[in-house]
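Colleague: Below are the structure tokens for one structure; questions will follow.
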């Protein structure tokens with residue numbers, strides 16, 4: 001059966017020589033071609049530059065995307081981001097495509113920092129040591145607790161942790 | 001070099017006038033997962049869902065597949081449906097499976113619009129596509 005609609009989305013995080021992170025978010029489907037580019041500055045993870053280009057047939061509410069995206073400059077990636085972006089880019093006069101793009105780009109930045117720890121864990125062969133490392137990660141990242149099935153109270157990973 | 005990359009691909013098949021099937025794939029440097037879900041077009045209700053976890057980070061993750069049936073009956077047209085998916089499937093199962101469901105759900109209206117535009121263009125090849133799309137609520 002042929003497809004009536006196909007969407008492709010790619011998000012990339014690439015550190016720059018100056019230490020900032022360049023984040024590219026691109027979407028293409030039958031009706032929309034969209035691209036946002038963020039420059040994120042560690043350690044505060046402040047979005048210091050933001051650009052957007054929406055082509056093909058963007059919804060009318062997103063026609064001013066290249067100006068709208070400027071509202072996120074100065075915003076830092078961290079707790080409360082969803083609420084902040086809803087205030088800046090959401091609502092009846094906002095553009096949900098941009099809001100989702102910035103949230104997904106921010107998530108990619110977090111995963112950029114998460115990846116080395118996960119890779120280090122993969123080098124541990126002993127299951128008991130692997131479990132101990134996971135539990136240690138939970139102790140230092142309380143936000144992970146009950147964030148998914150692996151970290152719910154009944155999970156074997158959580159056994160005896162009292163978190 | 002690129003230190004993290006994520007790709008999402010969502011394809012939409014119209015099985016009949018009332019049913020659409022989304023096939024969503026998410027691949028990134030850490031996770032690799034897929035969702036296939038059937039949705040009733042009239043009200044956006046998820047009728048059937050299947051998932052496949054290819055790459056994940058710990059031995060408990062694959063149990064998240066057992067949580068997917070909670071998505072059946074949920075409507076993609078309800079207010080804050082995406083938050084409900086993240087709460088029911090993401091937090092109780094796996095947030096990355098939830099991300100694919102949400103992307104599939106976001107494609108519902110665009111897929112219908114795309115189908116309708118293709119049909120309208122068949123009837124009238126001179127149709128102004130932008131006018132057609134702007135005449136539809138989106």
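Colleague: Within region B:68-111, which residues have the backbone N less than 19 Å from the label spot 7 Å out from residue B:135 along Cα→beta-carbon, could you tell me?
Modeller: In region B:68-111, the label zone of residue B:135 (backbone N under 19 Å from the point 7 Å along Cα→Cβ) covers B:110-111.
Colleague: Averaging sequence separations of C-alpha pairs under 8 Å and six or more residues apart, then dividing by the length of chain A, give the relative contact order as a whole percent.
Modeller: Normalised by residue count, the contact order of chain A is 13 percent.
Colleague: Given a Förster radius of 30 Å and the C-beta distance between residue A:41 and residue A:153 as r, what FRET efficiency does 1/(1 + (r/R0)^6) yield to the nearest 0.05?
Modeller: Using R0 = 30 Å, I get an efficiency of 0.20.
Colleague: Here's a follow-up. For chain B, what's the relative contact order in percent, using C-alpha pairs closer than 8 Å and at least 6 residues apart?
Modeller: That works out to 17 percent.
Colleague: How large is the helix-only mean residue ellipticity at 222 nm for chain A, computed as the sum of -39500 (n - 2.57) over DSSP H runs with n ≥ 4, divided by its residue count, in deg cm²/dmol to the nearest 500? Don't skip to the answer; put the middle values down first.
Modeller: On the way: 4 runs with 54 residues, N = 163.
Here the helix-only value at 222 nm equals -10500 deg cm²/dmol.
Colleague: Let me ask you something else. Kindly express, to the nearest 10 degrees and within the range 0 to 90, the angle between helix A:96-122's C-alpha long axis and the longest C-alpha principal axis of chain A.
Modeller: Roughly 30 degrees, rounded to the nearest 10.
Colleague: At a Förster distance of 41 Å, what's the computed FRET efficiency of residue A:139 paired with residue B:77, Cβ-Cβ distance as r, to 0.05?
Modeller: Between residue A:139 and residue B:77 the formula returns 0.50.
Colleague: State, as an integer percentage, the relative contact order of region A:23-105 based on alpha-carbon contacts under 8 Å between residues 6 or more apart.
Modeller: Answer for region A:23-105 is 25 percent.
Colleague: I would also like to ask the following. Evaluate E = 1/(1 + (r/R0)^6) for residue A:92 and residue A:163, where r is the Cβ-Cβ distance and R0 equals 45 Å; express this FRET efficiency to the nearest 0.05.
Modeller: Approximately 0.65, to the nearest 0.05.
Colleague: Given the rule -39500 (n - 2.57) for each run of at least 4 DSSP H residues, summed and divided by the residues of chain B, what is its mean residue ellipticity at 222 nm, to the nearest 500 deg cm²/dmol?
Modeller: So the helix-based figure for chain B works out to -9000 deg cm²/dmol.
Colleague: Continuing with the same structure: Would you tell me the mean number of C-beta atoms belonging to other protein chains that fall within 10 Å of each C-beta in A:22-29, as a whole number?
Modeller: 2
Colleague: Give me the distance in nm between label points sitting 7 Å out from Cα along the Cα-to-Cβ direction at residue A:56 and residue A:16, one decimal.
Modeller: Modelled inter-label distance: 2.8 nm.
Colleague: Further question on the same structure: Along Cα→Cβ, 7 Å out, is where each label goes; now give me the distance between the ones at residue A:70 and residue B:122 in nm to one decimal.
Modeller: Using points 7 Å along Cα→Cβ, the separation is 4.5 nm.
Colleague: Ok, one more. To make sure I understand, if each residue's beta carbon is the centre and we count other beta carbons within 10 Å, what order do B:81, A:25 fall in, fewest to most?
Modeller: Fewest to most other Cβ atoms nearby, the residues stand as B:81, A:25.
Colleague: Give the angle, between 0 and 90 degrees and rounded to the nearest 10, that separates the Cα long axis of helix B:95-123 from the longest principal axis of the Cα atoms of chain B.
Modeller: 10 degrees
Colleague: Same structure, new question: How many nm separate the modelled label positions at residue A:131 and residue A:33, each set 7 Å beyond the Cα in the direction of the Cβ?
Modeller: 5.3 nm
A short reminder: the numbers here are calculations on the coordinates, not readings from a lab. Keep in mind the model is a prediction, meaning the values are calculated, not measured. Note that we place each Cβ from the backbone using ideal geometry, even for glycine, and neighbour counts take in every protein chain shown.
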